[in-house]
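Working notes, beginning with the structure itself.
The values are calculated or read from the model by the stated rules, or taken from the named source; none is laboratory data. None of the values given here were measured: they were computed from a predicted structure. Note that each Cβ is placed from the backbone with ideal geometry, even for glycine, and that neighbours are counted across all protein chains shown. For the accessible areas, the whole protein counts, side chains as well, though only heavy atoms, and no ligand, DNA or RNA atoms are used. Shrake-Rupley method; radii C 1.70, N 1.55, O 1.52, S 1.80 Å.
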Amino acid sequence: QELERTISEMAGVRHCIAVCNATVGLEIAAKALGLSGEVIVPSFTFVATAHALRWLGIEPIFCDVDGRTHNIDPDQVERLITPRTTGIVGVHLWGRPCDVTNLEAIAGRHDLRLVFDAAHAFGCSYGGRMIGNNGDAEVFSFHATKFVNAFEGGAIVTNDDGLADNMRLMRNFGFAGYDKVLRIGTNGKMNEVSAAMGLTSLESLDAFVATNHRNYKRYEQNLVGVPGIRLVPYSTNEKSNYQYVIVEIDEAATRLSRDWIQEILWAENVLARR
């Protein structure tokens with residue numbers, strides 16, 4: 001409960017529902033929102049975004065991404081909507097927010113539910129407002145590899161009171177008090193040890209951001225002028241956690257493939273991932 005209160009305050013949202021991991025968080029959100037049939041997702045994301053839907057019998061419809069931002073392209077989204085479409089899942093890839101404004105407009109025009117996979121984006125903002133306030137709900141990850149680490153865990157955040165009440169029931173078998181079950185649910189609770197670790201991480205948030213920003217600026221300075229290497233920038237107008245340093249490789253200019261460069265980096269103990 002303390003972790004939920006702290007996250008709500010930091011993200012500026014009404015409700016936080018802590019869960020055992022972000023994948024289960026996506027499943028609970030999808031179920032609570034009544035998603036079915038087809039749901040549009042970006043074609044470039046971690047597998048959990050699509051798996052959470054497919055696990056529930058929902059068909060993920062893959063949408064191309066903007067080549068500049070790597071995030072889902074709203075222009076492509078609208079072309080993929082069919083009578084079977086019930087929702088859209090946007091992903092704030094690398095912690096850089098996707099085009100929330102246009103996605104919300106599309107969802108509104110077509111009466112679709114809108115969820116954001118915000119696994120990378122805790123502590124980031126969009127339009128000056130903290131990530132967590134967009135769409136029907138957003139889902140954070142607190143996996144050991146993430147910006148805020150709870151060993152393992154996640155959280156669903158929303159400003160919808162009724163949706164929050166429903167998701168709280170769903171994460172604990174539908175229990176509303178001792179032996180009183182109001183609906184079908186699952187075991188999606190976060191354990192107390194993970195919550196304590198999450199609170200410990202949150203205490204060091206500013207230090208994490210400062211370290212990440214320092215590392216990012218060091219890469220930015222030293223990669224200037226290297227042929228065929230483009231560092232994907234963060235917006236200086238938004239709050240960022242700077243967790244990921246992303247480069248694009250122009251193989252014609254580098255005369256090395258992306259995968260070869262990755263192998264070279266691994267040989268030097270720089271554990272880059274494609």
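Here are a few things to note about the model shown:
- Residue-level analysis places GLY67 outside the set of residues that are more than 17 Å from the chain's Cα centre (by Cα), at positive phi and surrounded by fewer than 19 Cβ atoms within 10 Å (Cβ to Cβ).
- Of all residues in the range 29-51, those satisfying the criterion of being more than 15 Å from the chain's Cα centre (by Cα) and either surrounded by fewer than 23 Cβ atoms within 10 Å (Cβ to Cβ) or closer than 19 Å to GLY188 by Cβ (or both) are LYS31, ALA32, LEU33, GLY34, LEU35, SER36, GLY37, GLU38.
- Within the span defined as the range 83-101, every residue fails to be farther than 27 Å from ASN166 by Cα, in a strand (DSSP E or B), in contact (Cβ under 8 Å) with a residue 24 or more places away in the chain and touching a helix residue (DSSP H, G or I) at 6+ places or on another chain (Cβ under 9 Å).
- The one condition in (1) of a type in the set (A, V, I, L, M); (2) without any contact (Cβ under 8 Å) to a residue 60 or more places away in the chain; (3) closer than 23 Å to LYS146 by Cα that ALA195 fails to fulfil: (2)
- Of all the criteria given as (1) more than 21 Å from ARG129 (Cα to Cα); (2) without any contact (Cβ under 8 Å) to a residue 60 or more places away in the chain, the one not satisfied by ILE246 is (2).
- Members of the range 74-94 that are open to solvent by 30 Å² or more (accessible area, probe 1.4 Å) and either over 17 Å from the mean Cα position of the chain (by Cα) or not aromatic (Phe, Trp, Tyr) (or both): ASP75, GLN76, GLU78, ARG79, LEU80, ILE81, THR82, PRO83, ARG84, THR86
Condition check ((1) farther than 28 Å from VAL245 by Cβ; (2) in contact with a strand residue (DSSP E or B) (Cβ under 7 Å, 6 or more places away or on another chain)) across all residues:
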position: ALA18; (1), (2): yes, yes
position: VAL39; (1), (2): yes, yes
position: ARG54; (1), (2): yes, yes
position: GLY67; (1), (2): no, no
position: ASP73; (1), (2): no, yes
position: THR86; (1), (2): yes, yes
position: ALA105; (1), (2): yes, no
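- Failed condition for LEU169, given (1) open to solvent by 70 Å² or more (accessible area, probe 1.4 Å); (2) assigned to a helix (DSSP H, G or I): (1)
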